[in-house]
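Any read-out appearing in this document is the output of simple, stated calculations on the displayed coordinates, not a laboratory observation. Everything quoted here is computed from the prediction, not taken from an experiment. For neighbour counting, all protein chains shown are included, and Cβ atoms are generated from backbone atoms with ideal geometry for every residue, glycine included.
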Amino acid sequence: MPTKGFQDAPDDRSELTAEQESAVRIVANSLHRLNEAVVKCVEAGITVELMRTARYHNETGNWGDQLTPVIRTK
C-alpha cells in the first residue's frame, strides 16, 4: 500500500568522505543565506532571478553550476 505525505530522503551521506560532507554543508549554509537575501530583496520591491552563467568542471566528471543574479525593479 503506498504511503501519503512527505518521506525522509534516503541517507546517502555515508558514501561521502568527511571532506565532501564539509563541502556540502558549506553549500547548504551558503544557499540558506542566499535564500534569506532573496526574500529581503523581494520584500523591498526587487525581483531577483538566479541564472546559470557558467558551469565549473574539474576534469574528472564532476561539475557545478555558477549563478549570477538578474535584478529587476518596477
### Query
If the Cβ limit is 6 Å and pairs must be 6+ apart or interchain, which residue in segment 27-50 that is surrounded by 12 or more Cβ atoms within 10 Å (Cβ to Cβ) pairs with which residue that is hydroxyl-bearing (Ser, Thr, Tyr) and part of a strand (DSSP E or B)?
46/73
### Task
Enumerate the pairs (first residue in segment 60-74 and under 18 Å from residue 38 (Cα atoms); second residue anywhere and among the polar types (S, T, N, Q)) with beta-carbon separation below 7 Å, excluding pairs fewer than 6 apart on the same chain, so at least 6 apart or on different chains.
66/53; 67/53; 68/53; 72/47
### Summary
Of those in segment 51-70 that are surrounded by 10 or more Cβ atoms within 10 Å (Cβ to Cβ) and among the β-branched types (Val, Ile, Thr), the residue farthest from the chain's Cα centre (by Cα) is 70
### Message
Every residue in segment 14-24 that is part of a helix (DSSP H, G or I) and more than 15 Å from residue 64 (Cβ to Cβ), please.
### Response
14, 15, 18, 19, 21, 22
